[in-house]
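**Q** Pasting a structure below so you can have a look.
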Amino acid sequence: MTDDPTASATTEPATTEPGTTGFRANVDELVANNLRYHESFGDGPLDVRPRRKLAIVACMDSRMDIFDMLGLAHGEAHIIRNAGGVVTDDVIRSLVLSQRRLGTEEIILIHHTNCGLEGVSVDEFKKELEDEVGIRPWWALEAFTDPDADVRQSIKRLQLSPFVKYKDHISGFVYDVHTGLLNPVL
C-alpha cells in the first residue's frame, strides 16, 4: 500500500489470524478510503429520524451488510449491532431512545447461521478470561446453540420490557451466510 491517501484501497485483509505477527493496522487505509468517500458524498443532510421508522438489531458479523442485504438507503433505519445480535440492556437502551426520541415504531432482529457465539461455552470462556486478566467478566456473554431459539428469546425480551413503547411490529430472522437469504423466525 502507498502513503498516497488518494491511491486506490487494497482489498486484501489486514490480518488473517488474531494475534499473529502478520497483523497490520487498518486505520490509515480506512482514513484514505474516507477521503474518497467524502469527495463523492451525496447523503447530506439527512434527518436524524429514520424515514422508515425502523430499528434493526443485528449481529456484528462482518459478512452481513445490513443496508445492502435489505435494500436500505442511508437515513432509512437505525442499525444496532452487537455480538450475536442479542437483546441486552444496552440494546434496550438504544431502542428506547430510537423509539421515544427518534420516532421508530418497528423492530427487526437479525441473527445468522455460523455465528461466532454459537456453541461457545460461557463458563469456559469466562474462566479463560479470568485466568488471563485476573477477574471474571461481569457481563453476560449471551452464547447460544440455536439461532432461531435465540431470536425468539430476544423477541420475548422486547415484548416484556416496560420501556419498549412500540411492540406491534417486532419480527425476527436468521440470515443464511451461505445463501444470503433471510429466514423468518416464527
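**Q** So what is the relative contact order of segment 46-184, in percent, for Cα pairs below 8 Å that sit 6 or more residues apart?
**A** Relative contact order comes out at 28 percent.
**Q** Let me ask something additional. For the chain, what is the charge dipole size about the Cα centre, in debye to the nearest 20, if Lys and Arg each add +1 at the Cβ and Asp and Glu each add -1 at the Cβ?
**A** The calculated dipole for the chain is roughly 1120 debye.
**Q** If you don't mind, there's one more thing I want to ask. When DSSP assigns beta bridges and you keep just the ones with both residues in the chain, what percent turn out antiparallel, to the nearest 5?
**A** Of those bridges, close to 15 percent are antiparallel.
**Q** Right, next: Compare VAL174, VAL87, VAL120 in a GNM of the chain, Cα atoms joined below 10 Å, and give the one with the largest fluctuation.
**A** Judging by the Gaussian network model, the answer is VAL120.
**Q** Cα to Cα, under 18 Å, and not fewer than 8 places away if on the same chain: which lysines meet these conditions relative to LYS167?
**A** Within the straight-line limit of under 18 Å, LYS167 reaches these lysines: LYS53, LYS156.
**Q** Using the Karplus equation 6.51 cos²θ - 1.76 cosθ + 1.60 (θ = phi - 60°), what ³J(HN,Hα) coupling, rounded to whole Hz, does each residue of segment 44-55 give in order, writing x for Gly and Pro?
**A** Running phi through 6.51 cos²θ - 1.76 cosθ + 1.60 with θ = phi - 60° gives x, x, 9, 5, 5, 7, x, 4, 8, 6, 10, 10 Hz.
**Q** Right, here's the next one. Amide H of HIS112 versus every other amide H placed in the peptide plane: which residues, excluding those fewer than 5 positions away on the same chain, fall under 5 Å?
**A** TYR175
**Q** Next question. Return the single residue from GLY44, GLY116, GLY172 with maximal mean-square fluctuation; model: Gaussian network over the chain, springs between Cα atoms under 10 Å.
**A** Comparing GLY44, GLY116, GLY172 in a Gaussian network model of the chain, the most mobile one is GLY44.
**Q** Would you mind estimating how fast segment 45-186 diffuses translationally, via Stokes-Einstein at 10 °C and 1.306 mPa s with the Kirkwood radius over Cα pairs, in µm²/s?
**A** Answer, rounded: 100 µm²/s.
Throughout, read-outs are computed from the coordinates displayed, never taken from laboratory work. If you're wondering where the values come from, they're calculated on a predicted model, not measured in any experiment. All Cβ positions, glycine included, derive from the backbone under ideal geometry; neighbour counts span all protein chains shown.
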